[in-house]
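As structure tokens, the structure follows; a few thoughts come after it.
The values are calculated or read from the model by the stated rules, or taken from the named source; none is laboratory data. Keep in mind the model is a prediction, meaning the values are calculated, not measured. Every residue, glycine as well, gets a Cβ built from its backbone with ideal geometry; the counts of neighbours run over all protein chains shown. When the accessible area is computed, the model is the full protein with side chains, heavy atoms only, and any ligands, DNA or RNA have been set aside. Shrake-Rupley method; radii C 1.70, N 1.55, O 1.52, S 1.80 Å.
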Amino acid sequence: MAQNFKSLGLNKNLIKGLNELGIVKPTQIQEEAIPLLLEGNAHLVGQAQTGTGKTAAYGLPILERINANQKSIQALILCPTRELSQQVAKQLFKFTKYTEKIFTEAVYGGEKIDIQIKNLSRPTHIVVATPGRLIDLLNRKAIDLSQVHTVVLDEADEMLSMGFKQQLDEILSALRNVENKWLFSATMPHGIKQIVNQHMAEDAHRIQISRDVVNKNIEHKFLQCEEVDKLPILLDFLRSKKGERGIIFCKTKAATAKLAKQLIAKNVAAEALQGDMLQKERDKVMRAFKNESLRLLVATDIAARGLDIDQLPHVINVDLPNVAADYVHRIGRTGRAGAAGEAISLVSADEIDQLKDIEKLIGNKLQRVYVDGFEPTHDAPDSYSLTK
């Protein structure tokens, strides 16, 4: 494995910026992708789980390819959510501290399009966009992609699950002659294979970092209980963790709002994060979480991707997701950058089939635990005495 980024072919100014960020040793996806993408024009399909450094794996080669003197959009990065779009743009900005000025603009729904059109009138080399907002800009003829030489689909499976297939087909068809198309995804469902077959070269390079769908550093546990008992069990677990931070996932916006209120009523520093919130409200919650004045995020699956946060000790699923692949995205918030993580799921009898789908997808059984494993603060009722 490469010991540093110099051996991968990056220029010294990018490496200087990486060193300042504490990024000194390439991850496996970076080691395999960066030399390939620096070598020449190529189509690439990369499969790697979340938290493995995919942004740098494609972002650093893009920055190497940008002509800073050419005042046009040269690279397009498509992301499923505004949070991930913001994070990617921020990361690229950090990488370029010691390089020539390379300008990146993030465009996404939830912000007035007129403001984004105005921002795009400035010199822009890289655009990071959600598919829906990019289509809106193209329809208004407010963005010029004629000079784009590189297109990246980041978290492609998530864009598919969010219903962006038609928009992706439209965008990629408009950019059919682009010489570099790079697709990165944690999973490879049928829809992703269709996109690859339709829009990418037959000889596209393929990188699969691991046959494991999920991070080996994450410990997977589940506790079966009645729906009505999930809140007291959750509270017992949180008390046992003595202030550790984490994300709690619920299925619906209503469930998210309700649980956040219940936790706040029990003096737990928690806030909801879901798609109906205004952008400024979501930004306020994220600022509080990042500066650690907020202990817990109670979130829908919108928070499963693209959150610019440090390592979290645990992720808790109060509800299992409807789609097994979403479990992989949720737990990707823990066990990042080589650290250990814990994923805990509270499973009702109605969710057993979903649990089996998850176990099939990740190729492993979740460890079944009981209330004693959560160090409850009261005597566990008989209804928790489950048998294996």
Restricting to the range 51-60, name every residue that is open to solvent by less than 10 Å² (accessible area, probe 1.4 Å) and in contact (Cβ under 8 Å) with a residue 40 or more places away in the chain.
Ala57, Tyr58, Leu60
Selection from the range 78-113 of residues that are in contact with a Gly (Cβ under 6 Å, 6 or more places away or on another chain), closer than 12 Å to Leu14 by Cα and hydrophobic (A, V, I, L, M, F, W, C)
Leu92, Phe95
Take the range 308-358 and flag every residue that is part of a helix (DSSP H, G or I), closer than 18 Å to Glu158 by Cβ and modelled with pLDDT under 80.
Ala325, His329, Arg336
What number of residues in the range 221-244 are in contact (Cβ under 8 Å) with a residue 40 or more places away in the chain, open to solvent by 40 Å² or more (accessible area, probe 1.4 Å) and within 24 Å of Met286 (Cα to Cα)?
4
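From Ile218, Ile192, grab the single residue that is within 23 Å of the chain's Cα centre (by Cα) and modelled with pLDDT of 90 or more.
None of the other options fit; the residue is Ile192.
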If I filter the range 90-117 down to residues being crowded, with 19+ Cβ neighbours inside 10 Å and of a type in the set (S, T, N, Q), which single residue comes out as nearest to Asp276 (Cα to Cα)?
Gln116
